[in-house]
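Notes follow the structure.
The values are calculated or read from the model by the stated rules, or taken from the named source; none is laboratory data. These figures come from a predicted structure and were not determined experimentally. Cβ placement follows ideal geometry from the backbone for every residue including glycine, while neighbour counts extend to all protein chains displayed. Each accessible area value is taken on the protein alone, full model and side chains, heavy atoms only, with ligands, DNA and RNA left out. Shrake-Rupley method; radii C 1.70, N 1.55, O 1.52, S 1.80 Å.
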Amino acid sequence: MIKAPINLQDLRREIYIKAKAEPTWQFWGLYVHVCKMDTLREAYRLAKQNDGAPGIDGVTFEAIEAGGLEEFLAQIREELLARTYRPTRHRHVEIPKEGGKGVRVLSIPTIRDRVVQGALKLILEPIFEADFQPGSYGYRPKRQAQEAVQRVAEAIVQHKTRVLDVDLCAFFDNIRHHLVVEKVAQRVNDTDIMHLLKLILKASGKKGVAQGGVLSPLLSNLYLNEVDRMLERAKEVTRSGKYTYLEYARFADDRAPRSCTRDEGRPLGAALQEEAPNHLKLLRPKAVVVSVKEKAGKTCQVSLKKTNASEPLRKGRKRRDEVKTGGESLTRDKPRGNLLTAWAASGLKVA
């Protein structure tokens with residue numbers, strides 16, 4: 001009996017279900033799916049949809065389609081199957097940071113390399129999506145930054161109002177390749193997949209991942225997943241019935257308020273540094289006081305006020321009827337506890 005071919009969407013669904021059901025399962029036989037024309041076509045479509053600039057070779061989407069898209073993808077497939085594919089070096093573009101504080105260097109792969117990275121991501125993403133934690137929001141399918149803000153607002157409503165703001169210094173530039181490979185290998189037992197991943201990482205230099213790369217967001221979330229797991233464990237330690245004394249939300253590597261104690265009683269900032277992979281440097285934690293201005297029987301506003309990190313954090317007020325964030329109101333849940341909570345989306349404010 002000949003088995004009917006499975007389409008890409010069904011394949012990704014089956015991979016996710018298997019990964020979710022068996023957290024220690026190692027996947028094999030994945031490389032053949034990366035090399036399929038359906039996978040390469042979808043990777044190209046997503047790359048074009050993102051409308052990125054050309055890489056160091058100057059080749060544009062228009063030029064590729066003028067020369068024949070199918071021939072372009074067939075050539076990539078042939079190189080992948082023959083194991084002769086080699087990534088091209090990246091084009092570096094400097095983008096000024098907000099407030100004039102230096103520049104952010106984007107490393108832009110060629111469209112050819114973006115297609116290969118995209119194909120690899122399409123196959124690996126459902127595996128690691130099954131492992132990621134609920135407090136992670138950045139660069140994940142069907143998740144938005146506004147959801148991270150809502151998570152923060154809901155925590156404030158529950159009186160978790162002591163906040164620690166933490167940032168990672170030059171995160172994408174300092175990711176260690178061997179740690180990424182080790183984390184992927186925990187779930188993937190496929191020599192060809194691992195070889196392709198190492199080639200892609202090597203194109204970024206001795207360490208770090210391309211900030212403009214298609215695969216980089218997935219790898220960065222995988223890199224920080226252990227930190228999220230630590231915070232999930234801390235939440236459970238503080239649980240009292242259906243309520244907890246701690247919450248967090250993370251959007252990629254950007255600024256994040258976090259709760260200021262851990263189950264052992266050590267400062268959470270120190271615990272985060274301990275858990276951060278590769279000894280990533282944490283910028284000085286910035287204390288934030290969540291100030292709730294109560295108006296009896298009316299909607300009230302929530303604002304975040306920065307304070308000196310050495311000052312004690314004040315407790316939020318005990319009652320309020322609802323919190324308004326981004327035009328939406330959140331009904332007050334039963335309050336429980338005073339410790340904070342939240343790793344919010346970068347650049348987004350609750351007000």
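Of everything in region 155-196, what is under 18 Å from the mean Cα position of the chain (by Cα), open to solvent by less than 30 Å² (accessible area, probe 1.4 Å), modelled with pLDDT under 90 and aliphatic (A, V, I, L, M)? Give them in sequence order.
Listed by number, the residues that qualify are Val166, Leu168, Ile175.
List the number of the failed condition for Phe72; all other conditions in (1) part of a helix (DSSP H, G or I); (2) surrounded by fewer than 16 Cβ atoms within 10 Å (Cβ to Cβ); (3) not polar (S, T, N, Q) hold.
(2)
Quick one: Val237 ticks every box in (1) open to solvent by 40 Å² or more (accessible area, probe 1.4 Å); (2) aliphatic (A, V, I, L, M); (3) at pLDDT below 80 except a single one, so which number is it?
Here Val237 meets the rest and fails (3).
Of all the residues that make up region 197-220, how many are crowded, with 22+ Cβ neighbours inside 10 Å and over 24 Å from Ala53 (Cβ atoms)?
1
What about Lys18, is it in a helix (DSSP H, G or I), without any contact (Cβ under 8 Å) to a residue 24 or more places away in the chain and either among the hydroxyl-bearing types (Ser, Thr, Tyr) or buried (at least 16 other Cβ atoms within 10 Å of the Cβ) (or both)?
Values: in a helix (DSSP H, G or I): yes; without any contact (Cβ under 8 Å) to a residue 24 or more places away in the chain: yes; either among the hydroxyl-bearing types (Ser, Thr, Tyr) or buried (at least 16 other Cβ atoms within 10 Å of the Cβ) (or both): no.
So Lys18 does not fit the description; no.
Determine which single condition Ala63 fails, assuming it passes every other condition in (1) at pLDDT below 95; (2) outside any loop (DSSP other than H, G, I, E, B).
(1)
What is the number of the single condition among (1) exposed (fewer than 14 other Cβ atoms within 10 Å of the Cβ); (2) in a helix (DSSP H, G or I) that Ile95 does not meet?
(2)
Checking Arg151 against (1) open to solvent by less than 20 Å² (accessible area, probe 1.4 Å); (2) over 22 Å from Arg86 (Cα atoms), only one condition comes out false. Which one?
Among (1) open to solvent by less than 20 Å² (accessible area, probe 1.4 Å); (2) over 22 Å from Arg86 (Cα atoms), the lone unmet condition for Arg151 is (1).
Open to solvent by 70 Å² or more (accessible area, probe 1.4 Å), of a type in the set (Lys, Arg) and at pLDDT 95 or above: which single residue out of Arg83, Arg104, Arg89 fits that description? Working first, answer last.
On the way: Arg104 fails: at pLDDT 95 or above; Arg89 fails: at pLDDT 95 or above.
The unique qualifying residue is Arg83.
If we only count helices (runs of 4 or more DSSP H) wholly inside region 170-238, which ones have 3 or more residues that are within 16 Å of Val105 (Cβ to Cβ), touching a residue at least 60 places away in the same chain (Cβ under 8 Å) and not β-branched (Val, Ile, Thr)?
Output list reads 171-174.
Could you tell me which residue of region 45-69 is surrounded by the fewest Cβ atoms within 10 Å (Cβ to Cβ), considering only residues that are among the charged types (D, E, K, R) and closer than 27 Å to Leu30 by Cα? Don't jump to the end; show me each part of the working.
Quick first cut of region 45-69, residues among the charged types (D, E, K, R) only: 45, 48, 51, 57, 62, 65.
Of the ones still in play, those that are also closer than 27 Å to Leu30 by Cα are 45, 48.
Values: Arg45: 12, Lys48: 17.
Of everything passing the filter in region 45-69, Arg45 is surrounded by the fewest Cβ atoms within 10 Å (Cβ to Cβ).
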